[in-house]
Amino acid sequence: MSSTPPRQPIVILISGRGSNMRALIEHSQAPTAAYSVCSVIADRADAGGLEVARSFGIAARALTPAKGMERIEYDQGLAAAIDECSPLLIALAGFMRILSAPFVERYAGKILNIHPSLLPKYPGLHTHRRAIEARETEHGVTVHFVTEQLDGGPRVIQARLPVEAGDTEATLSRRVLDLEHVIYPLAVDWFCQGRLRCESGTALLDGRILSEPVQLADIEREKSS
């Protein structure tokens, strides 16, 4: 008689309202989900996502840096809070702090982030505005492993959409956000199923090196064929 594999614990880090956090939590409640959210940690006490997480019955806390605190000192406290539930994975969901090199090294290959652009294009902030100003015809979102290079870690999966005539930063952001909520839970499931890993700075899915990220459109095409 087969049994369902145990769900792997993850920790989610946020700074704001936590829409991707919510998507991850909601997916974790599906019968087929490979993970459970054991804790949500914010670097701001006013992060709206904290109350959202609590409404799902998930432990949520703010860990705010003291005035003048060095980044590495904050990250030591953050690591201690994370390690309380021994997560398999840390998922950054709108976490706006830049993590220190020792923190990234400590959890090497165990941190995922979602970034609203088709990396390596437009790392950093204001990605939608920059895509519109550059007259891009295509835009999207990328899930990647976190390394010391800002938004530069190995890419896992992307979702694309056309930039439409008349798109504003706000309209483009809303449409990209819908795609974020699809691909992030998928990538986290892959990791917690043991299908996705990062070795020597390279992402692998089912043992195959991802020289280019998986495309959501290809997954959907395979499902419909």
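Brief remarks on what is shown
- The trypsin sites (Lys or Arg not before Pro) of the range 170-225 that meet both conditions, a loop assignment by DSSP and at most 16 other Cβ atoms within 10 Å of the site Cβ, are ARG195.
- Overall form of the chain per C-alpha gyration tensor (a/c, 1.5; a/b vs b/c): rounded
- Size of electric dipole in the chain: Cβ of Lys, Arg +1 and of Asp, Glu -1, about Cα centre, debye, nearest 20: 180
- Radius 12 Å from Cβ of THR137, net charge of other residues (Lys, Arg +1; Asp, Glu -1): -2
- The chain, accessible surface, carbon-and-sulfur percent (1.4 angstrom probe): 51
- Per residue of the chain, the DSSP helices (runs of n ≥ 4 H) give a summed -39500 (n - 2.57) that works out to -10000 deg cm²/dmol at 222 nm.
- Coupling constants for the range 67-84 follow from the phi torsions by the Karplus curve (6.51 cos²θ - 1.76 cosθ + 1.60, θ = phi - 60°), and in residue order they are 4, x, 5, 5, 4, 5, 5, 4, 5, 5, x, 5, 4, 4, 5, 5, 5, 4 Hz; glycine and proline get x.
- Taking all protein chains as they are arranged and a probe of 1.4 Å, the heavy atoms of ASP178 leave approximately 100 Å² accessible to solvent.
- Note that the range 20-164 presents 48 Å² accessible area per residue, ligands and nucleic acids not counted, probe 1.4 Å.
- For a straight C-alpha distance cut-off of 19 angstrom, the aspartates and glutamates reachable from LYS67 (same-chain residues fewer than eight places away being disregarded) are ASP43, ASP46, ASP75.
- Kirkwood Rh and Cα Rg combined as Rg/Rh, the range 1-82: 1.07
The values are calculated or read from the model by the stated rules, or taken from the named source; none is laboratory data. Bear in mind the structure is a predicted one, so any value in this text is a computation, not a measurement. Glycine gets a Cβ as well: all are built from the backbone with ideal geometry, and neighbour counts include every protein chain shown. These accessible areas exclude ligands, DNA and RNA; they are computed on the full protein's heavy atoms, side chains included. Shrake-Rupley method; radii C 1.70, N 1.55, O 1.52, S 1.80 Å.
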